[in-house]
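Beneath this line is the structure, given in structure tokens, with notes to follow.
The values are calculated or read from the model by the stated rules, or taken from the named source; none is laboratory data. Here the structure is a predicted model, which is why all the values come from computation and not from measurement. All Cβ positions, glycine included, derive from the backbone under ideal geometry; neighbour counts span all protein chains shown. Surface accessibility is based on the protein's heavy atoms, side chains included, excluding ligands, DNA and RNA. Shrake-Rupley method; radii C 1.70, N 1.55, O 1.52, S 1.80 Å.
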Amino acid sequence: MLPPQCNGGCFCVSGDGNPKESSPFINSSAASDAEKSQQYDGKNMALFEEEMDTSPMVSSLLSSLANYSNLPTGSKEHEEEENNEEGARPSKKPVKAPQLGTLMGVYLPCIQNIFGVILFLRMTWMVGIGGVFGSFVIVFMCCSTTMLTAISMSAIATNGVVPAGGSYYMISRSLGPEFGGAVGICFYLGTTFAGAMYILGCIEILLIYIIPQAAIFKIEGLEGAEAEAALLNNMRVYGTIVLSLMALVVFVGVKYVNKLALLFLACVILSILAVYAGVIKTAIDPPVFPVCLLGNRTLLSKGYDVCAKVIEIDNETITTKLWRSFCDSESLNATCDEYFTNNNVTEIQGIPGVTSGILAENLFGNYLEKGVFLEKRGLASDVDPDSPITSSNRYVLSDITSFFTLLVGIYFPSVTGIMAGSNRSGDLRDAQKSIPIGTIAAITTTSTVYMSCVVLFGACIEGVVLKRQVRVSGNLVIGTLAWPSPWVIVFGSFFSTCGAGLQSLTGAPRLLQAISRDGIIPFLRVFGHGKANGEPTWALLLTASICEIGIIIASLDAVAPILSMFFLMCYMFVNLACALQTLLRTPNWRPRFKFYHWALSFLGMSLCLSLMFICSWYYAIVAMGIATCIYKYIEFCGAEKEWGDGIRGISLSAARFALMRLEEGPPHTKNWRPQILVLVSVDADQNVEQPRLLSLTNQLKAGKGLTIVGTAVQGTFLDNYTEAQRADQSLRKLMEMERVKGFSQVVISSNLRDATSHLIQVGGLGGLKHNTVMVSWPRNWKQPEYHQQFRNFIEVVRETTVASMALLVPKNISSYPSNGERFTEGHIDVWWIVHDGGMLMLLPFLLRQHKVWRKCKMRIFTVAQLDDNSIQMKKDLITFLYHLRIDAVVEVVELHDSDISVYTYEKTLIMEQRSQILKQMHLTKNEMEREIQSITDSSRGSIRRKNPSASRSQHSAEEGTSVAERPEEEAQLIHSKNASTPTSPTSPTSPAGPAGGAATWTDNRGQTRYMTSMRLNELIMKKSKEAKLVLLNMPGPPKNRVGNENYMEFLEVLTEGLNRVLLVRGGGREVITIYS
């Protein structure tokens, strides 16, 4: 029935005001002690009498369940110089102090790396397809991303010294080796594919604009897919050749690359200036750049000599080359293409100039499918929609299917390169001053150039010209705008792409070498080696091989989104690193650059993530998959590094937050899991004596709860601290060997009893405390030298009971399986006598999640008494297990008074008579030891023969000898010796004054308990002798310490003959529920 205060609802409020889910399992009716005593008196459950005061019998539990229907609806100081294993190598020459300033060290390298092939080859096409407005949005979004990243990078770069390694160093030291390694590899791959993109751009300029005759696969005369395939094959062949030459240059000496860098930079700046000069010139004298249109369709320049159908020569009308292209003969009455006949030919100016007002026409985009005619807006065209398209090879067609996200992916590489300054931090005179100023100034300059170019291209160039991706009249589109000559742009862009490709092939191997030398990715260590001068030979070879993959792809438009992914991921984690450091308020976070904010960093991170999926969602998933694989590889196989990173800081903050949340109240039954405190003992060498306890703990950890392995060291903290440290190391080593994830704890105290009590009291932190204690059954507890052990054991039982903790006591722990063993068959038997909150049900379920016990079947035995309906109990139990979603075989075992065998009864009498005799004996220590030995030698094993007649004859022959048919008289003798003298009126062993609970363990009630133990043991042996594991309710300890020995004896009798027994004592709360 439900408690009165619940009113039939699904939640009730306890006295402390905390809402608790009402349970159908607990009978909350108030019964007086006298009624309870009468209810259980004379029953065979006397061993668990104290348990039944607070825990219901299984029969009443199942009855309550069957009647319950109101179900609720769900209630190291910078890594000690990078852990330099090789030591400092003696330098042959004195090291020069770094001399580079902001201009030469940061600003110009960033300018050179940011301006690149996209500006010259794809910017005009992007403006034509996306329109001025759409292109401006793309440029602004990409430039804003890099600016926000630069602000975050400046904060990180000025927060201490940044050695060579640039972005990899900053990310790894801010986010830890896992993130650092993953993002470092992504940045390396991005730089490598950038080299491939620059080489492809170089080859495109060479074969299309400079020396078209050099093509191995001839393009002239080919149309459509054939021409495209021939171009890609040329790119592959020449790209491989150029890549080999560049790799050879880098291998011979990077100093030559550095010497040419200034020349390449001059080419870039000169080309951009030529474009601006050409724009100014268009306002005064626009260049002659005619474009011929048929209707509103753009015609190929090679298809006509004069932009007209016919011309007048000496008053004679003569057809032109254009006429012959669309008609079947030169005559004026020839049959011509219908569209050619219906539309006029007009010639427009391809570059009307900045004052022409063409900007309004180019303001909005027009995305095209591949192979669609390039048409001029606002021009009339007479076309029959039903007529077939003919002579399409005479028109200018779109080169590629275009859409907004494609433009973003192709354009973004043109804003990368912002890390060039931070990568040179080791060469800067004042890195903390130069990096922020130089990088932000470079991004401001390049962003201004890009945005102005978008507007100026749209204001100067006709839309049908802008939309052409390849050459127009043999020149680059941007080249026709430049002044004084298009060749300035052609050669400037050619040398720019060559220089950028060399820079990529120089920087990428050094980045890989830095990652390899950190040692966080074991399989990359070979790439940390190089030539005698430190040049990364093996890393260069790998870089060239990966770069060749981009060359084989051959399409500039396909390679650009790939490197966009890797750069965006790198920038995203730079922003994340800055945001985390700022929000966590790490004491070491003191950047000199003050113009940053965590909101800006989060905005930059969000932009990076958005751009990744805008550019290409499948490339984004692949890039994230690569980074995730590297992250997990470093986590499991990489070297342990403690870099004081932000992830450790966020872990501490998250742990503190979670612990504070746990303080709000106890967990719901559905969230309950065993948080185990494992009490182990250590020997004189501080080695664990019961290692199989940790094996069992590992097998129980399917619940993924807390594990604390604790032990005690006797002595004082000052004298025994070293021993405690050794014990802690021993615990950690064993936990690692047994794969137990948890914590170790060693307590030093003047005696082991207090130390164990301290562990139980103070283990855990805040709300993350243990709710279950596991302790091994005391070995050889009957021998005098081990008496203190079993007394300590019983105190542990008492303390866990008071603290409402569950208790697990594995007996014969050495026979339990190790984690490497497997049971291919067998049973886990549960003897469910009293309901303890469901621990007996939960533990087998957790064990069977482990591979050791996975193939074992679960059987549940429960005991029915004379007045119980066994058939109904079985049905109710099956229903209960069904609701618990637990598969098990159910059996109800009947236990009646008439089943008490003669053997059991006689054995009980012998034990009681022996106890009374020993209480009256007053022996000296030597006499006691002699008595123990004589009794033990004369009667060892007599009762184990299971011969009642022999037992009775032995008893009648000599009472003093028959008392000792089992060795437990040793415990009784030691107890009588250590107890108060019988002459004392207050002696707990005095017959005149047995106090409280002592009587229930030493008087006639003890006979009933002993008979219960014997009978239950007979039943368990009969049913579960071959079981792999037997789980059994553990009765509570005596309230008075006088009955300690009898309590141990009862438990010994209860579990006698069983190989593996796990005694389970619940903590007084429900741990398993039928609710979802």
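Values computed for the structure shown
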{"item": "Accessible surface, per residue, of the stretch 493-532 when the full set of protein chains is kept, probe 1.4 Å, Å²", "result": "33 Å²"}
{"item": "Packing rank of 454-463, 316-325, 401-410, where each peptide gets the mean count of other beta carbons within 10 Å, highest leading", "result": "454-463, 401-410, 316-325"}
{"item": "Cα coordinate range in the stretch 156-215, projected on the principal axes (Å, largest first)", "result": "54, 22, 13"}
{"item": "Spin-label pair residue 585/residue 851, simplified geometry with 7 Å Cα→Cβ offset, distance in nm", "result": "4.7 nm"}
{"item": "Stokes-Einstein diffusion coefficient of the stretch 202-250, Kirkwood radius over Cα pairs, 4 °C, 1.567 mPa s, in µm²/s", "result": "115 µm²/s"}
{"item": "Residue-level accessible surface for residue 701, protein heavy atoms, 1.4 Å, Å²", "result": "30 Å²"}
{"item": "Solvent-accessible heavy-atom area per residue, rounded to whole Å², over the stretch 654-715 at 1.4 Å", "result": "46 Å²"}
{"item": "Heavy atoms of residue 597 accessible to a 1.4 Å probe, total area in Å² rounded to 10", "result": "90 Å²"}
{"item": "Calculated FRET value between residue 487 and residue 660, using beta carbons and R₀ = 51 Å, to 0.05", "result": "0.15"}
{"item": "Phi to ³J(HN,Hα) by Karplus 6.51 cos²θ - 1.76 cosθ + 1.60 over the stretch 887-894, Hz, x for Gly, Pro", "result": "8, 7, 8, 10, 9, 9, 9, 8"}
{"item": "Cα-based equivalent ellipsoid of the stretch 680-831: semi-axis lengths in Å, sorted from largest, via gyration tensor", "result": "24, 18, 17"}
{"item": "Normalised alpha carbon radius of gyration of the stretch 407-545 [divisor 2.2 N^0.38 Å]", "result": "1.40"}
{"item": "Nearest-10 value in Å² for the accessible area of residue 337, using the 1.4 Å probe", "result": "20 Å²"}
{"item": "List 660, 170, ordered by accessible area with a 1.4 Å probe, largest first", "result": "660, 170"}
{"item": "Of 701/857; 811/1028; 321/370; 741/855, those spanning more than 21 Å from alpha-carbon to alpha-carbon", "result": "321/370; 741/855"}
{"item": "Label point distance in nm, residue 685-residue 249, each placed 7 Å from Cα along Cα→Cβ", "result": "6.6 nm"}
{"item": "Estimated FRET transfer efficiency when R0 is 56 angstrom, pair residue 621-residue 726 (beta carbons, to 0.05)", "result": "0.65"}
{"item": "Globularity index of the stretch 671-718, i.e. its alpha-carbon radius of gyration over 2.2 N^0.38 Å", "result": "1.37"}
{"item": "Positive minus negative residues near residue 400 (Lys, Arg vs Asp, Glu; Cβ under 13 Å)", "result": "0"}
{"item": "Å² per residue, accessible surface of the stretch 277-386 at 1.4 Å", "result": "56 Å²"}
{"item": "Normalised contact order of the stretch 568-611, rounded percent, pairs of Cα under 8 Å and 6 or more residues apart", "result": "62 percent"}
{"item": "Heavy-atom SASA rank of 663, 1026 (probe 1.4 Å, accessible area, largest first)", "result": "1026, 663"}
{"item": "Mean separation of Cα contacts under 8 Å, 6 or more apart, over the residue count of the stretch 382-520: relative contact order %", "result": "13 percent"}
{"item": "Built amide H within the under 5 Å cut-off of residue 812, gap 5+", "result": "777"}
{"item": "The stretch 225-341 shape via C-alpha gyration tensor axes, a/c threshold 1.5", "result": "oblate"}
{"item": "Order by protection proxy (mean Cβ within 10 Å, highest first), peptides 366-377, 109-120", "result": "109-120, 366-377"}
{"item": "Over the stretch 209-362, relative contact order from alpha-carbon pairs under 8 Å, at least 6 apart, %", "result": "20 percent"}
{"item": "The stretch 779-876, dipole about Cα centre (Lys/Arg Cβ +1, Asp/Glu Cβ -1), debye to the nearest 20", "result": "480 debye"}
{"item": "Computed FRET value (nearest 0.05) for residue 668 with residue 739, which takes r as the C-beta separation and R₀ as 30 Å", "result": "0.55"}
{"item": "Gained length - residue 315 relative to residue 372, 0.36 nm times residue gap less alpha-carbon distance", "result": "16.6 nm"}
{"item": "Projected area averaged over orientations for the stretch 760-865, convex hull of C-alpha atoms, nm²", "result": "9.5 nm²"}
{"item": "Burial order of peptide ranges 300-306, 565-571 (average beta-carbon count within 10 Å, highest first)", "result": "565-571, 300-306"}
